[in-house]
Amino acid sequence: MMTTDHIEQYLNRQTLIAGDVNSGKTTKTGLILQRFLEAGYGRQMAVLDLAPATVAGIGGKLALDSGNPVLYLTADIAAPRSMGRDAAHTLQLATENARKIEELLEEFRGDRRDILFINDATLYLQSGSLELFLKTLEMSATRIINAYYGTTFAESDLTRRERRLSDKLMDASDQVILL
């Protein structure tokens, strides 16, 4: 069991957990979140769950017990590369995701918390504004983010953009955990 001392490695910094599909990013993020809850930080925490529902064994929301004091924000997010019929439809899905996620970012800015968890940041990076994303992150002292960073999906404009912005997110992070 992770003790409070281990939680210290995440406090007051930005941590990015990155890896390929099914590498354990969401599981690791959920374990860290659970340790923060066990340490009594629940009222200071927000979760922006940007993941789609599981599609073909890929993706999935963070599992949170009901009744905890965490601000949990999510929306119905599509999995563009898994659901898109062609490049244009894939981009359309990514653009719609960005619009929905920007509504969540706005909601968070209105009820911000000191500790922010973000599940599946790459769903926003596919079509959203890195500048807006980074400004939102700066509103919290502690940021724990996970993001796809792999080779499962075929090369495309969307994949290249996601990779480029993920690299910038890595550069903006205090620590990066590659799975």
Residues being part of a loop (DSSP other than H, G, I, E, B), under 16 Å from the mean Cα position of the chain (by Cα) and over 17 Å from Pro52 (Cβ atoms) - total across region 150-173: 2
Boolean, Leu123 is within 20 Å of Ala172 (Cβ to Cβ) and outside any loop (DSSP other than H, G, I, E, B): yes
So Ile115, is it farther than 27 Å from Arg81 by Cα, in contact with a helix residue (DSSP H, G or I) (Cβ under 8 Å, 6 or more places away or on another chain), modelled with pLDDT of 95 or more and open to solvent by less than 10 Å² (accessible area, probe 1.4 Å): yes
Residue in region 133-141 that is assigned to a loop (DSSP other than H, G, I, E, B), closer than 23 Å to Lys28 by Cα, out of contact with any helix residue (DSSP H, G or I) (no Cβ under 6 Å at 6 or more places or on another chain) and open to solvent by less than 50 Å² (accessible area, probe 1.4 Å) present: yes
Output for region 17-39, where each listed residue is over 14 Å from Ile144 (Cβ atoms) and open to solvent by 60 Å² or more (accessible area, probe 1.4 Å): Asn22, Glu38
Which listed residue is at negative phi and touching a Phe, Trp or Tyr at 6+ places or on another chain (Cβ under 8 Å), from Ile58, Ile32, Ile17: Ile32
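The values are calculated or read from the model by the stated rules, or taken from the named source; none is laboratory data. For clarity, every value in this text was computed on a predicted model and none was experimentally measured. Cβ coordinates were reconstructed from backbone atoms using ideal geometry, including for glycine residues, and neighbour counts include every protein chain displayed. To get the accessible areas, we keep the full protein, side chains included, count just its heavy atoms, and leave off ligands, DNA and RNA. Shrake-Rupley method; radii C 1.70, N 1.55, O 1.52, S 1.80 Å.
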